[in-house]
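A short reminder: the numbers here are calculations on the coordinates, not readings from a lab. Only a predicted model underlies this, so the values are computations on that prediction, with no experimental measurement involved.
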């Protein structure tokens, strides 16, 4: 996708008609789509690893806190 985005920069720029127009050829869509795809794959691998660890009783306090504990919001008293 990044190679395609780089090659698309050599062509005459086109303005998309709507948000999903040119999704398979516009440099922005190709570049950002590759990063979103990588982020999704990484998140999926993390959750799969956490599930397998849970099934085998191999979780740690750090992984439990990272994945399942709601973050505390900073107080906005003022």
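Only helices enter the 222 nm calculation for the chain: every DSSP H run of n ≥ 4 contributes -39,500 (n - 2.57), and dividing by all residues gives -18500 deg cm²/dmol, rounded to 500. The long axis of helix 27-55 is offset from the longest Cα principal axis of the chain by roughly 20 degrees.
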